[in-house]
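Only one structure is covered here, and it is reproduced in the block below.
The values are calculated or read from the model by the stated rules, or taken from the named source; none is laboratory data. Just so it is clear, the structure is predicted and the values come from calculations on it, not from any experiment. Note: accessible area is taken over every heavy atom of the protein model, side chains too, but ligands, DNA and RNA are not part of it. Shrake-Rupley method; radii C 1.70, N 1.55, O 1.52, S 1.80 Å.
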Amino acid sequence: MKKLQTGVTRFMQDEEGVTAIEYGLIASLIAVVIIVAVQLVGTNLTAVFNYIAGKLTTP
């Protein structure tokens, strides 16, 4: 029983897995921000090109 208690205590104090999870969460958050930014820029860029195309006249 003492061996089980020692193992559980050691497992609870181990923080290496927690650090890996934190890095994973940070990486996923950065990925979401990049995806949203690219979509917004793409939408705005399409609107700008459509506006310019509407103002152009053919000779």
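Confirm whether THR46 is over 21 Å from the mean Cα position of the chain (by Cα), of a type in the set (Val, Ile, Thr) and part of a helix (DSSP H, G or I). First the steps, then the outcome.
Numbers: over 21 Å from the mean Cα position of the chain (by Cα): yes; of a type in the set (Val, Ile, Thr): yes; part of a helix (DSSP H, G or I): yes.
Yes.
When the residues of region 1-37 are filtered to those that are open to solvent by 100 Å² or more (accessible area, probe 1.4 Å) and of a type in the set (S, T, N, Q), which remaining residue is modelled with the highest pLDDT?
GLN5
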